[in-house]
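What follows is a set of notes on a single structure, which appears directly below.
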Amino acid sequence: MDKSLYQPVMWLVLGALIVGLMVVNGWLAWFQRKAMTEACLKDACAQQLRFLKSARFLLWAFIGVLFLGGIASWYTAEYTARKETAAKRKNLWPVYDPAKIWEAPDLFLAQSDDNAKLILYGRQLISNTQDYFGPEGIVRPHSINGLNCQSCHLDAGAKAFGNNYFAVSSTYPLMRARSGTLETIPKRVNDCFERSLNGSALDTTSREMQAIIAYIQFLGTGVPKGAKPKGSGLVEVKPLDRPADPAKGAALYTGKCASCHGSDGQGVAMPDGSGNHYPPLWGARSYNQAAGLFRLSRFAGYIKANMPFGATFENPQLSDEECWDLAAFVNSQPRPEHPFLAADWPKIEKKPYDHPFGPFADSFPEQQHKFGPFEPIIAFQKNLK
Ligand code: HEC
Ligand code: HEC
């Protein structure tokens, strides 16, 4: 019989048997009463009673057998399903190969995980951050700017060179020069809450933080400790031998970016009628000056493999020069100020070459740390080591 029909039909038969048993019991009671009150009918009734009693016994026996059989078949079905899922899961896990671009584990693995609820909630929080923390957010309204994590961590942090999370679970806790401390995953997530989302940090014990961590760790399951899989993070764009040019970037912006991000950089409504907007690139609803994207090299690397939307590292749509000039233009527009200027980079000689706020360990001006040319600064920093 069809597997999916077997169980319901069996329970139906069982139900019918129980109804039958109730009917037989009713009759039994009726005949017993009758035998007591009408003595003359006693013999005739005795035969009926014997028959009904054996019927009752048979019904009980059937019910017992079916019930035990039902439990056994339910248990076997459950056991087989579990075994099949486990076998399927085993074959789906990506195998780490340092020469190959890391691929995020299949979503089925999240759905069938013991921790599925938490992992999938984390994915939701990352792709639809506005729904939870935006103006009408259901967790903490009005607590971030106009972006989702996914605005910058594409495909919920699972796209090769799309600023993904592939290396997080394998490399954290990590000593970071920006804070001068050993950073855990929740600390790093909160960095993005406070800088890229220009908001306030999450309670690290909250279910939301636990969910984000669970999802990020899921993406790196199978990456050996310490390893950075190929395709993780951002591409590196070769620095120019001239300063990046905001004026050139402005012209490129009009032709290649304004259709989605708006000529005023505030994002326009998506054409699908969903009411969603393309994300803002500058202004009060954008990332602040302490965010990674405010560094020209991070911005250039991000757009090289991802913008205009649809570009990939295999199919970039911007030349290296265009990336730097666009980065110079967008990061010259107004945006929320740096809230951690005094605390960041406690060792100034560790400041990255494109960190545009002095004081520096070298004598290059802030202007050059912002726009380049960067090669002389990179060469200077190499000599320091
Ligand atoms: C405005 C863009 C932006 C937004 C929005 C954003 N991030 Fe980030 N995030 C970055 C950049 C840029 C980096 C650093 C990339 C680099 O330096 O290579 C980063 C790094 C990270 C890292 C560390 C990655 C690594 O490999 O070390 C984590 C974890 C992270 N972000 C989580 C989040 C989460 C969670 C959210 C949402 C709550 C979020 N980010 C929102 C831009 C953003
Ligand atoms: C076809 C529409 C489209 C075009 C054209 C486009 N973008 Fe985007 N851009 C997006 C979308 C959509 C996202 C957010 C991705 C997501 O949520 O999955 C985004 C995100 C970004 C982000 C990170 C989030 C933020 O708001 O800071 C930057 C930076 C960015 N784009 C820069 C550019 C630049 C520079 C260009 C021009 C070269 C460009 N984009 C062209 C659609 C577009």
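Roughly speaking, what is the stretch gain from Lys230 to Asp264, that is 0.36 nm per residue apart minus the C-alpha to C-alpha distance, in nm to one decimal? Can you show the working numbers first?
Values: separation 34, 0.36 × 34 = 12.24 nm, distance 3.62 nm.
Taking 0.36 nm per residue and subtracting the Cα distance, the gain is 8.6 nm.
Taking other Cβ within 10 Å of each residue's Cβ, how do Tyr6, Tyr215, Tyr75, Tyr121 sort, fewest first?
Numbers: Tyr6 14, Tyr215 25, Tyr75 10, Tyr121 19.
Neighbour counts put them in this order, fewest first: Tyr75, Tyr6, Tyr121, Tyr215.
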**Item:** Local net charge near Phe108, Cβ-Cβ under 9 Å (Lys/Arg +1, Asp/Glu -1)
**Value:** +1
**Request:** Just need the relative contact order of the range 246-345 here, percent rounded to a whole number, with Cα pairs under 8 Å and 6+ apart.
**Result:** 33 percent
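Give, in nm to one decimal, the length gained when the segment between Ser112 and Thr221 is fully stretched (0.36 nm per residue of separation minus the Cα-Cα distance). Write out the running numbers ahead of the final one.
Values: separation 109, 0.36 × 109 = 39.24 nm, distance 1.45 nm.
So the chain would gain 37.8 nm between Ser112 and Thr221.
Suppose only helical runs count, i.e. DSSP H with n ≥ 4. What mean residue ellipticity at 222 nm does that imply for the chain under -39500 (n - 2.57) per run, divided by all residues and rounded to the nearest 500 deg cm²/dmol?
On the way: 16 runs with 196 residues, N = 385.
Mean residue ellipticity at 222 nm (helix-derived): -16000 deg cm²/dmol.
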**Message:** So, R0 is 45 Å and r is the distance between the beta-carbons of Asp155 and Trp11; what FRET efficiency does that work out to, to 0.05?
**Reply:** 0.55
**Prompt:** What angle, in degrees between 0 and 90 and rounded to the nearest 10, separates the Cα long axis of helix 320-330 from the longest principal axis of the Cα atoms of the chain?
**Reply:** 90 degrees
**Request:** Just rank Trp345, Trp93, Trp102, fewest to most, by other beta-carbon atoms within 10 angstrom.
**Result:** Trp93, Trp345, Trp102
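Neighbouring Cβ atoms within 10 Å as the yardstick, rank Phe161, Phe108 fewest first.
Details: Phe161 24, Phe108 12.
Exposure proxy ranking, most exposed first: Phe108, Phe161.
If R₀ is 35 angstrom, what is the calculated FRET efficiency for the pair Ser332 and Asn276, using the beta carbon separation as r and rounding to 0.05? Please list the in-between numbers first.
Numbers: r = 27 Å, r/R0 = 0.78.
Efficiency, from the Cβ-Cβ distance: 0.80.
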**Prompt:** Label-point separation (nm) for Ala177 and Phe51, each offset 7 Å from Cα along Cα-to-Cβ?
**Reply:** 9.9 nm
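What number comes out for the charge environment of Lys304, summing +1 per Lys or Arg and -1 per Asp or Glu over other residues with Cβ under 12 Å away? Display every interim value, and only then the final one.
Details: positive: Lys238, Arg298; negative: Glu236, Glu314, Asp320, Glu321, Glu322.
Charge balance in the 12 Å sphere: -3.
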**Approximate spin-label separation Ala342-Ser319, in nm, with each point projected 7 Å along Cα-to-Cβ** = 4.6 nm
**Request:** Set the Förster radius R0 to 51 Å, insert the Cβ-Cβ distance between Asn91 and Leu28 as r into 1/(1 + (r/R0)^6), and round the FRET efficiency to 0.05.
**Result:** 0.30
**Request:** Evaluate the relative contact order of the range 3-92 (contact order divided by residue number), counting alpha-carbon pairs under 8 angstrom at least 6 apart; express in whole percent.
**Result:** 36 percent
**Message:** Output the 0 to 90 degree angle, nearest 10, between the alpha-carbon long axis of helix 207-219 and the longest principal axis computed from the alpha carbons of the chain.
**Reply:** 80 degrees
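Any chance you could run the full-extension gain for Thr205 through Gln367? It's 0.36 nm times the residue separation minus the Cα-Cα distance, nm to one decimal.
Details: separation 162, 0.36 × 162 = 58.32 nm, distance 4.12 nm.
Gain on extension, Thr205 to Gln367, equals 54.2 nm.
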**Prompt:** Helix 375-384: angle to the longest alpha-carbon principal axis of the chain, degrees 0 to 90, nearest 10?
**Reply:** 80 degrees
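Throughout, read-outs are computed from the coordinates displayed, never taken from laboratory work. Just so it is clear, the model here is predicted, and its values are computed rather than measured. For neighbour counting, all protein chains shown are included, and Cβ atoms are generated from backbone atoms with ideal geometry for every residue, glycine included.
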